[in-house]
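Quick note: the coordinates plus some simple rules give every number you see, no bench work behind them. Fair warning: this is a prediction, and the values are worked out from it, not measured in the lab. Neighbour counts run over all protein chains shown; Cβ positions are idealised from the backbone, glycine included.
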Amino acid sequence: MNQISVPNHLAIIVDGNRRWARKHHMPAFMGHKHGFDRLEKIIDHAVKSGVSYISLFVFSTENFRRDANEVDYLMELFCKNFSEMAAKMKRKNIKVVFSGRRTNLIPSVIDAMNYLSSETQDCTQSIVNFCLNYGGRAEIVDACKAISADVDENTLQIEDINETTFTRYLYQDLPPVDFLVRTSGEIRISNFMLWQLAYAEMYFTDVLFPDFDEACFDEALRVYQCRSRRFGVD
């Protein structure tokens with residue numbers, strides 16, 4: 001892969017796990033399990049391809065409206081996999097951070113998130129940002145609240161607020177997204193990283209996420225390499 005043309009910050013909307021399960025005549029939870037297995041392989045391949053930052057939309061604030069049994073299974077899946085990922089990510093020198101609100105998350109999931117973040121906090125190869133209980137509008141609102149609080153406390157002056165300042169108040173202070181990939185055929189961003197996607201190139205594929213293998217990933221990057229990013233100049 002041409003390192004020069006590899007996005008610095010890649011974002012993926014992980015979509016299609018339930019449809020994959022239905023397609024294979026399996027219960028929904030099996031789609032999520034296969035999806036998470038695929039997720040770990042895609043993280044490894046993206047890092048090997050030279051991607052420095054990977055943001056993954058794995059559970060939105062709206063997903064809590066789903067069937068309670070499915071939500072409970074997902075929480076158990078997050079808890080189990082985040083705990084098990086710590087040693088692997090640390091060995092691969094990959095730092096893991098989380099974006100989203102902690103409200104509504106059960107304590108065991110929060111504990112697993114904290115453990116994974118703590119174990120990998122000194123890693124330097126790449127950063128993986130799991131967006132869990134995440135909403136783009138909520139992130140902007142939360143940033144505005146934090147800025148307001150600092151202005152009230154005189155630790156931030158209104159005249160010092162600009163786009164760079166605002167970015168530092170988001171859930172994670174990461175570079176702008178260069179390339180967004182969404183699987184499963186849906187052509188929308190679904191309230192994902194609204195601020196960070198301002199100039200991102202976007203790629204939508206019909207492939208369901210559990211089937212989004214390394215070859216599919218490479219094809220997406222080839223499309224990205226053919227794009228001309230002008231940032232409004234031309």
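Among rounded, prolate and oblate, which fits segment 76-150 when a ≥ b ≥ c are the square roots of the eigenvalues of its C-alpha gyration tensor, a/c under 1.5 means rounded, and a/b larger than b/c means prolate? Could the numbers behind the result be given before it?
Values: a/c = 2.53, a/b = 1.54, b/c = 1.64.
Oblate, because a/c is 1.5 or more while a/b does not exceed b/c.
With springs only between Cα atoms under 10 Å, which of Q121, Q196, Q157 fluctuates most in a Gaussian network model of the chain?
Q157
Pick the calculated semi-axes √(5λ) of the Cα gyration tensor in Å for this structure from [x] 27, 23, 18; [y] 48, 15, 14; [z] 27, 20, 18?
Calculated semi-axes √(5λ) of the Cα gyration tensor in Å: the matching label is [x].
Packing-wise, with mean Cβ within 10 Å as the measure, how do 163-174, 52-63 rank, highest first?
Values: 163-174: 14.6, 52-63: 20.4.
So the peptides 163-174, 52-63, ranked by packing, come out 52-63, 163-174.
Count charges around L105 for me, please; just the other residues with Cβ under 13 Å from its Cβ, Lys/Arg as +1, Asp/Glu as -1.
Overall, the nearby charge balance is -1.
Starting from the coordinates of the alpha-carbon atoms of segment 121-178, obtain the Kirkwood hydrodynamic radius over all distinct pairs and give the value in Å to one decimal.
Taking the inverse mean of 1/r over all distinct Cα pairs, segment 121-178 comes out at 13.0 Å.
What Kirkwood radius, in Å to one decimal, follows from the Cα pairs of segment 18-93?
13.9 Å
What net charge is computed for the residues neighbouring Y224, neighbours being all others with C-beta under 12 Å from the C-beta of Y224, Lys and Arg scored +1, Asp and Glu -1?
Numbers: positive: R222, R227, R229; negative: D178, E201, D218, E219.
Once all neighbours under 12 Å are counted, the net charge is -1.
Nearest 20 debye, what's the magnitude of the dipole of the chain about its Cα centre given +1 on Lys and Arg Cβ and -1 on Asp and Glu Cβ?
Magnitude of the dipole: close to 660 debye.
Which value in deg cm²/dmol, rounded to the nearest 500, describes the helix-derived mean residue ellipticity at 222 nm for the chain, given -39,500 (n - 2.57) per DSSP H run of n ≥ 4 and division by the residue count?
Helix contribution divided over all residues of the chain: -14000 deg cm²/dmol.
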